[in-house]
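First up is the structure itself, then whatever we jot down about it.
Read the figures in this text as sums done on the coordinates, not as results from a lab. Remember, predicted model here, so these are calculated numbers, not experimental data. Glycine gets a Cβ as well: all are built from the backbone with ideal geometry, and neighbour counts include every protein chain shown.
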Amino acid sequence: AAQPLRHVDSMATMPSGAGKIPYLNAVILGEALASEENDLVYPSDDFSRQAHVPSPQKYLELYERSIKDPGGFWSDVASQFYWKHKWAPDHVYSENLDVRKGPVQIEWFKGGITNICYNCLDRNVESGLGDTVALYWEGNDLANDASLTYSQLLHRVSQLANYLKDIGVRKGDAVIVYLPMLLELPITMLACARIGAVHSVVFAGFSAESLAQRIIDCKPKLVITCNAVKRGPKVIPLKDIVDAALVQSSQTGVSIDTCLVYENALAMKREKTNWQDGRDIWWQDVIPKYPTKCEVEWVDAEDPLFLLYTSGSTGKPKGVLHTTGGYMVYTATTFKYAFDYKPSDIYWCTADCGWITGHSYVTYGPLLNGATCIVFEGAPNYPDSGRCWDIVDKYKVTIFYTAPTLYVTRYSRKSLRILGSVGEPINPSAWRWFYNVVGDSRCPISDTWWQTETGGFMITPLPGAWPQKPGSATFPFFGVQPVIVDEKGVEIEGECSGYLCVKGSWPGAFRTLYGDHERYETTYFKPFAGYYFTGDGCSRQAKLANLHKSMFRDKDGYHWLTGRVDDVINVSGHRIGTAEVESALVSHPKCAEAAVVGVEHEVKGQAIYAFVTLVEGEPYSEELRNSLILAVRKQIGAFAAPDRIHWAPGLPKTRSGKIMRRILRKIASGQLGDLGDTSTLADPNVVQQLIALSNC
Ligand code: 6R9
């Protein structure tokens with residue numbers, strides 16, 4: 001079997017704008033890749049015949065049109081949705097991605113008037129899907145489930161939308177949503193969209209501090225939550241977390257008048273819930289009284305749909321802003337093609353709506369297609385590791401979309417026809433296991449590469465269209481022009497590896513960072529002028545199988561994503577900025593300084609490894625180690641807790657004071673013989689001290 005792709009560190013300095021990227025994760029194009037080269041996994045003829053895109057020729061035909069005539073291509077696609085008024089035909093999109101030519105600006109279908117909730121629900125009910133199940137809900141505990149048809153979902157959404165309007169939520173107002181995977185979560189997103197309010201869902205694993213930070217940043221009209229949730233055997237009192245966050249936000253002058261609380265009686269009875277009269281309102285006491293019909297607020301394609309905070313390489317989370325029209329068209333189209341969606345499918349995406357995958361591929365993408373979709377509240381390993389397969393069997397799931405780190409064991413499931421993977425690179429051996437064991441060597445894998453910022457899939461297989469290569473996300477989606485650049489920002493063609501950028505805009509692209517357009521430009525558009533910089537490394541394999549050599553140009557080779565090249569760590573598909581973890585550690589009174597790196601982890605992809613320097617005279621102890629970890633859990637959330645705290649009398653720094661993370665990464669992963677050049681360190685002895693403390 002082929003080895004997983006290996007990463008190498010090399011210092012790379014970028015020429016402009018953002019300054020330095022500390023290292024480049026480049027794939028060694030050597031043995032590993034060579035052995036994959038001819039390892040093509042073909043879809044069966046039967047599969048291809050029924051697929052939306054049945055051949056490489058068909059893909060190329062569509063792709064080439066999408067690049068040569070983006071306006072025409074996306075206009076045709078967008079026309080399948082309902083628009084109250086259409087955009088001007090000669091002005092489908094406008095863009096400037098080049099900071100040298102002025103402010104970065106992206107618009108799609110501007111002047112077009114629509115509503116995404118209408119397109120998800122009313123449009124489907126009107127076309128006869130009223131009695132089709134839109135959402136199945138599978139609870140944490142085995143006996144709990146529920147479902148809503150498209151008509152029922154529309155009624156529920158309309159009731160909440162009427163309530164929101166009644167309490168004064170208007171178009172453009174922000175609403176913070178801190179809910180677990182209950183049906184009320186997609187209901188809330190859709191209700192906001194219906195009235196033109198901007199939802200900002202905060203993953204219900206974030207701490208009170210993180211929630212407060214987001215409330216302070218977007219100043220919502222109200223907060224929507226539930227009293228508690230069960231995660232595996234544990235009850236988590238979410239309302240208490242919200243209470244603590246609201247105390248914090250009010251201290252900075254952002255006070256919230258209304259907190260709408262869903263009583264999740266399966267986890268906690270309302271009598272046990274802490275309550276603030278006047279501010280807190282039980283969902284069940286008010287929402288069912290509202291009419292089940294609610295006029296939609298028609299919005300411009302470029303009106304904001306949602307804000308989603310994500311981690312970057314500096315401390316403060318970034319409020320990624322998506323608008324309505326382009327996002328709608330893009331999520332629906334990527335869903336349809338990357339999963340070869342058909343009305344007979346039953347679709348399950350295991351992501352939480354607190355992350356972008358849950359926005360685009362639990363809520364919007366599937367519902368825009370009239371799909372039947374499962375919302376799963378629980379954990380994949382509760383009550384045991386067979387839970388996922390029980391769910392696949394129970395609902396006869398045909399499309400199963402998950403992260404490679406999900407614990408999936410046992411054996412293949414008959415109903416499956418397509419598997420999806422997201423969140424981190426899937427290595428060739430994991431790919432094969434997923435393909436052979438879970439998919440019975442029968443189901444194509446859509447390894448979808450994309451980001452919170454991109455709104456939808458960017459590089460992804462189209463099942464049935466072409467042979468796959470284990471571990472490769474294959475080719476760009478329609479309208480997407482990935483380019484690989486070197487550290488000077490020069491495009492490299494053919495077989496190569498470097499920084500992954502995107503040329504031109506696509507409808508699902510984010511339009512700004514909320515309240516900070518300058519940071520938007522600095523982070524994404526200044527590192528390589530003229531391009532959107534993804535933060536990922538990528539290598540491209542130009543040599544294609546003979547079968548397709550004549551069809552794909554050399555520069556259209558298979559793409560292999562090699563991981564982040566900035567200070568972002570990817571733990572089980574969750575993005576965490578090293579700076580965020582460092583600032584949580586440093587907030588501990590006994591911590592003088594901290595440096596955090598990611599290390600490879602068999603199950604989680606990457607694990608968080610923290611080097612901590614204590615304040616003078618403070619002795620090392622297990623107790624202190626635990627209280628440092630607790631500080632991170634409290635400030636960010638349990639998912640960001642470091643796996644390892646490494647005591648550091650000092651940190652390796654350059655003479656100008658920059659921490660050399662490259663060296664820390666080597667120490668963390670035990671590659672001590674291979675530390676590279678340490679001569680530029682201000683104090684080279686630090687390295688030996690750190691190595692000596694490796695096992696403490
Ligand atoms: C959708 C999502 C984005 C980062 C991205 C990259 C990594 C996501 C991947 C993948 C390799 C894939 N990533 N999908 N890497 N192959 N199929 O995860 O969004 O949370 O914003 O993370 O995740 O490093 O830059 P987000």
> If you rank D674, D683, D173, D486 by fewest surrounding Cβ atoms within 10 Å, what's the result?
Replying inline: D674, D683, D486, D173
> Which ³J(HN,Hα) values in Hz, rounded to whole numbers, follow from the phi angles of region 565-572 under the Karplus curve 6.51 cos²θ - 1.76 cosθ + 1.60, where θ = phi - 60° and Gly and Pro get x?
Replying inline: 10, 10, 8, 10, 9, 10, 9, 6
>> Using the Karplus curve 6.51 cos²θ - 1.76 cosθ + 1.60 with θ = phi - 60°, what ³J(HN,Hα) values do you get for each residue of region 465-479, in whole Hz, with x for Gly and Pro?
In response: 7, 8, x, 9, 10, x, x, 9, 7, 6, 10, x, 6, 3, x
> Considering amide H positions built from the backbone, and no H for Pro or chain starts, which residues 5 or more places from A648, or on another chain, come under 5 Å of its amide H?
Replying inline: V612, T613, L614
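Please list the three semi-axes, largest first and in whole Å, of the ellipsoid equivalent to region 190-239, using sqrt of 5 times the eigenvalues of its alpha carbon gyration tensor.
Details: eigenvalues 104, 43, 13 Å².
Largest first, region 190-239 gives 23, 15, 8 Å.
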> Could you name the lysines in cross-link range of K634, using Cα to Cα under 25 Å and dropping any fewer than eight places away on the same chain?
Replying inline: K219, K230, K234, K239, K272, K316, K318, K590, K604
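How big, on average over all directions, is the shadow cast by the Cα convex hull of region 297-338, in nm²?
On the way: hull surface 16.5 nm².
Mean orientational projected area (region 297-338, Cα hull): 4.1 nm².
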> Per the Debye formula with a single identical scatterer at each Cα and no solvent contribution, what log10 I(q)/I(0) holds for region 443-533 at q = 0.13, 0.15, 0.21, 0.23 Å⁻¹?
Replying inline: -0.49, -0.64, -1.10, -1.23
>> Could you check the spin-label model distance between R644 and K503? Points 7 Å from the Cα along Cα→Cβ, value in nm.
In response: 4.2
> For the chain, with only Lys/Arg (+1) and Asp/Glu (-1) charged at the beta-carbon, what is the dipole magnitude about the Cα centre, in debye rounded to 20?
Replying inline: 220
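Report the extension gain between K394 and T654 in nm, rounded to one decimal, defined as 0.36 nm multiplied by the number of residues separating them, less their alpha carbon distance.
Numbers: separation 260, 0.36 × 260 = 93.60 nm, distance 5.77 nm.
Here the answer is 87.8 nm.
If one computes P(r) from the Cα atoms of the chain, what percent of pairs lie at distances over 40 Å? Walk me through the numbers on the way to the answer.
Working: 70115 of 241860 pairs.
The share of Cα pairs beyond 40 Å in the chain comes to 29 percent.
At 222 nm, what helix-only mean residue ellipticity would the chain give, in deg cm²/dmol to the nearest 500, using -39500 (n - 2.57) for each DSSP H run of four or more?
That calculation yields -7000 deg cm²/dmol at 222 nm.
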>> 5 Å is the cut-off here: which amide hydrogens, built 1.01 Å from N in the peptide plane, fall below it relative to L305, excluding neighbours closer than 5 in sequence?
In response: H322, T323, T324
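What value in Å³ per residue do you get for the convex hull of the alpha-carbon atoms in region 166-315? Before the final figure, lay out each step's value.
Numbers: hull volume 19.7 nm³, N = 150.
Dividing the Cα hull volume of region 166-315 by its residues yields 131 Å³.
Among rounded, prolate and oblate, which fits region 552-696 when a ≥ b ≥ c are the square roots of the eigenvalues of its C-alpha gyration tensor, a/c under 1.5 means rounded, and a/b larger than b/c means prolate?
Values: a/c = 2.14, a/b = 1.35, b/c = 1.59.
Oblate, since a/c reaches 1.5 and b/c is not below a/b.
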> With r defined as the distance between the Cβ atoms of T292 and H601 and R0 fixed at 35 Å, what FRET efficiency is calculated, to the nearest 0.05?
Replying inline: 0.15
> What per residue convex hull volume, in Å³, comes out for region 117-249 when only alpha-carbon positions are used?
Replying inline: 97
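Report the relative contact order of region 56-156, percent, no decimals, based on alpha-carbon pairs under 8 angstrom and at least 6 residues apart. Mind dumping the intermediate values first?
Values: 107 pairs, mean separation 18.3, N = 101.
Reported relative contact order: 18 percent.
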> Can you give the % of DSSP beta bridges in the chain that are antiparallel, to the nearest 5?
Replying inline: 65
> Straight-line reach from K658: which aspartates and glutamates have Cα under 19 Å away, leaving out those fewer than 8 places along the same chain?
Replying inline: D9, D566, D567, E580, E582, E593, D677, D683
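When only Cα pairs under 8 Å and 6 or more residues apart are kept, what is the percent relative contact order across the chain?
Once normalised by length, the contact order is 15 percent.
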> Any idea how far apart E64 and S344 come out in nm if each label point goes 7 Å out from Cα toward Cβ?
Replying inline: 3.3
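Taking 0.36 nm per residue of separation and subtracting the Cα-Cα distance, what length does fully extending K590 through Q105 add? Numbers along the way, then the final one.
Numbers: separation 485, 0.36 × 485 = 174.60 nm, distance 4.52 nm.
Net length gain for the segment: 170.1 nm.
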> For Q276 and D384 in one chain, what is 0.36 nm times their gap in residues minus the Cα-Cα distance, to one decimal in nm?
Replying inline: 35.1 nm
